[in-house]
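Notes to accompany the following structure.
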Amino acid sequence: MKIDILIKNGLILKFDKKPTLNNIAITDGKILEIGTNLEQKYKAKLIIDATEKIVMPGFVNTHSHVAMSYFKGLADDLPLQEWLTKHIWPVEEKFLSEEFVKDAAIHGCAEMIKNGITTFNDMYFFGDQTAGSVEKIGIRAVLGEGVLDFPVANYQNADEIFAYIRKMHDKYKKSELIDFAVAPHAIYTCGKENLIKSKDLALELGILLHIHLSETKQEVDDCIKKTGLRPVEYLDSLGFFEGDVVVAHAIWLDESEQNILAKNNSSIAINTSSNLKIASGFDSFKSYLEHGVNLSIGTDGVASNNNLSMLQEISLTAKLQKALNNDPTILPAKEMIQIATIGGAKALNKNNQIGSIEVGKKADIIIVDTDCIEAQPMYDPYSHLVYSLASEQIKDVIINGKIVMKNRKLVNIDENEIIEKAKYYQRKIMEFNHIK
Ligand SMILES: [Zn+2]
């Protein structure tokens, strides 16, 4: 039988078993078989020799702003509100266009793949253009169109955005790689009416809701002052959690809020780097785990992180939580990897399709080189992934059964073109900032 890809002799991370050397047969986008002697059984169009390599599910990044890639390093070391209102929003107002988003999104998608991300859950504008870039490069994405009370990008009001989401949902219904989502930006940029409309639309179309929540103490204090409720309680009072919800940040939750999320199967996208850098605060996720809240990992946008390394994100999160809880046993390496893969898949309601290496699941797989000084000796691959390795060790990336990065070279696009485009926009943005 002919198949698309055969991965041979890799150290395969299946979460229900010990890591073992084995082969994987991939065809029609899916994992067909995991076992020995597959080379004799199948004739593969592409054979990847994974000797001395870890073969694992790709990372699921549950909170990003992929088309903000040209704002990477534009303004740092500032409080969130000043960073947003004085630096990010003015350049967005000046530059956001279909063309800009298409270009910036392909840069962001390229950077994600280089970091082993095979699915991302985004929040931004001009989703149609992002979708074009997503399909071109071959990554999987849930594209949340941002909803705000005031005019933004080329939308005059939220109703125009809702109409757009409907249209996009229909356009990409058959896409193997793309889902659309409703992404009300935050409770301080969306009033009650638009939060409820967002929820109703998501329920009607059966799509995800994605929102920034409880990112700063200020946001919590303001919410209590205005509504008498904490942010999660406030959204709950609007019936928001009837939908499938990913809340990004969520670092200021009390126990009753944690219970609400757990009861409703809502998920949190942890964004440790971004929270630390903006000094938004941090919370102990021990209590979140004890309350049964599903955790996943987000990178946030490169404008606030400022990179898309999931390995760095999980390493930092694990260490921060150990220190915060004065407990080195919390979030052990294997659990951290599961949070960044199957935890993310669960957050996006896709855990029966992606997030782990199982026969019948979509083949979203990354291959990590361990035949190098940084990775040797290796007693436990999970330990190395969380504490020792960097993204440069991620060599090959397969998404939906197709190879999209081979030996760190992106297959479907010209990397030099992307680099030149970034330099072009950098010049434009610098000119604007100079005049401003
Ligand atoms: Zn964000």
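The values are calculated or read from the model by the stated rules, or taken from the named source; none is laboratory data. Nothing here was measured: the structure is a model prediction, and the numbers come from that model. When we count neighbours, we look across all protein chains shown, and the Cβ atoms used for this are built from the backbone with ideal geometry, even at glycine. Accessible surface areas use protein heavy atoms only, side chains included; no ligands, DNA or RNA. Shrake-Rupley method; radii C 1.70, N 1.55, O 1.52, S 1.80 Å.
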note = Quick shape check on region 334-436: root eigenvalues a ≥ b ≥ c of the Cα gyration tensor, a/c under 1.5 is rounded, otherwise prolate if a/b tops b/c, else oblate, and it reads prolate
request  = Give the angle, between 0 and 90 degrees and rounded to the nearest 10, that separates the Cα long axis of helix 415-435 from the longest principal axis of the Cα atoms of the chain.
outcome  = 20
request  = Taking 7 Å along the Cα-to-C-beta vector as the label spot, tell me the TYR379-ASP327 distance in nanometres, rounded to one decimal.
outcome  = 2.4
request  = Enter the accessible area of THR341 (Å², nearest 10), with the probe set to 1.4 Å and all protein chains included.
outcome  = 0
query = Can you tell me the accessible area per residue over the chain, all protein chains present, probe 1.4 angstrom, in square angstrom?
reply = 41
remark   = Calculated from DSSP helices alone, with each H run of at least 4 adding -39500 (n - 2.57) and the total divided by the residues of the chain, [θ]222 nm to the nearest 500 comes to -11000 deg cm²/dmol
message = Starting from 0.36 nm per residue, how many nanometres of slack lie between ASN433 and ASP28 once their C-alpha separation is accounted for?
response = 141.0 nm
message = Under a crude label model (7 Å from the Cα following the beta-carbon direction), how far is LYS173 from GLU290 in nanometres?
response = 4.7
request  = Please determine, in degrees from 0 to 90 and to the nearest 10, the orientation of helix 158-171 with respect to the longest principal axis defined by the Cα atoms of the chain, where the helix direction is its Cα long axis.
outcome  = 20
inquiry  = How large is the accessible surface of HIS169 in square angstrom, using a 1.4 angstrom probe and rounding to the nearest 10?
reply    = 40
query = What number in nm² do you get for region 311-393 if you take the convex hull of its Cα atoms and divide its surface by four?
reply = 6.3
task = Give me the angle, in degrees from 0 to 90, between the Cα long axis of helix 127-137 and the longest principal axis of the Cα atoms of the chain, rounded to the nearest 10.
result = 10
At R0 = 45 Å, FRET efficiency that the Cβ-Cβ distance of ASP371 and LYS225 yields, to 0.05 = 0.20
query = Separation of region 141-197 and region 33-60 by C-alpha centroid, Å?
reply = 39
ask   = Largest first, how would SER304, SER284 line up by accessible area (1.4 Å probe)?
value = SER284, SER304
query = Hey, if you put +1 on the Cβ of every Lys and Arg and -1 on every Asp and Glu Cβ in region 65-194, which of LEU80, TYR172, HIS185 ends up farthest toward the positive end of that dipole?
reply = TYR172
task = Place +1 on the Cβ of every Lys and Arg and -1 on the Cβ of every Asp and Glu in region 239-373, take the dipole about the Cα centre, and give the residue among PHE240, ILE366, SER309 whose Cα lies farthest towards its positive end.
result = ILE366
inquiry  = Explain nothing, just the number: dipole magnitude of region 59-347 about its Cα centre with +1 on each Lys and Arg Cβ and -1 on each Asp and Glu Cβ, in debye rounded to the nearest 20.
reply    = 540
For region 59-347: rounded, prolate or oblate by the Cα gyration tensor [a/c cutoff 1.5] = rounded
ask   = At a probe size of 1.4 Å, how large is the accessible area of LYS428, to the nearest 10 Å²?
value = 80
task = Take the solvent-accessible surface of the protein heavy atoms, probe 1.4 Å, and return the percent of it on the chain that carbon and sulfur atoms account for.
result = 50
message = Just to be sure I understand: of the beta bridges DSSP finds with both ends in region 113-228, what percent are antiparallel, rounded to 5?
response = 5
